Amino acid sequence: MKNEQKEKYRLLGLNIAYYRKLHGYTQEQFAEALDIDRTTVSKVELATSGISLDLIFDMSDLLQVPVNKFFEFRN
């Protein structure tokens, strides 16, 4: 991930965490439902790792949240 994009990844991670919690998932439950490791969820939410579009789409489908909601950044 490029340094100049770090803030966008941070905001994306915050939105994913918000919707995950809104739907009552722990990181562990969310990861299990997505068939990924819990640490991957943590890294995405904390913006310490990038994320693929496939995973974004899977998260969107699981949470029944339109993908664009993940990118509506609030400061």
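A few points about this structure:
- Only Lys, Arg (+1) and Asp, Glu (-1) charged, at Cβ; the chain dipole about Cα centre in debye: 400
- Here the label points at T39 and N3, each 7 Å from Cα along the C-beta direction, are separated by 2.6 nm in the simple model.
- The range 12-57, relative contact order [Cα under 8 Å, separation at least 6], %: 35
- Taking all protein chains into account, the per residue accessible area for the chain stands at 65 Å² (1.4 Å probe).
- Using the Cβ-Cβ distance between T48 and K21 with R0 set to 30 Å, the FRET efficiency from 1/(1 + (r/R0)^6) comes to roughly 0.95.
- Top positive-direction residue, dipole computed over the chain with Cβ charges, set L11, Y25, V44: L11
- Distance distribution P(r), the chain, all Cα-Cα pairs, bin width 5 angstrom from 0: 3, 17, 31, 29, 14, 5, 1 percent.
- Mean ellipticity per residue at 222 nm, deg cm²/dmol - from DSSP H runs of n ≥ 4 across the chain, formula -39500 (n - 2.57): -18500 deg cm²/dmol
- In the chain, chymotrypsin sites (Phe, Trp or Tyr not before Pro) in a DSSP loop with at most 15 other beta-carbon atoms within 10 Å: F71, F73
The values are calculated or read from the model by the stated rules, or taken from the named source; none is laboratory data. Bear in mind the structure is a predicted one, so any value in this text is a computation, not a measurement. Note that each Cβ is placed from the backbone with ideal geometry, even for glycine, and that neighbours are counted across all protein chains shown. Note: accessible area is taken over every heavy atom of the protein model, side chains too, but ligands, DNA and RNA are not part of it. Shrake-Rupley method; radii C 1.70, N 1.55, O 1.52, S 1.80 Å.
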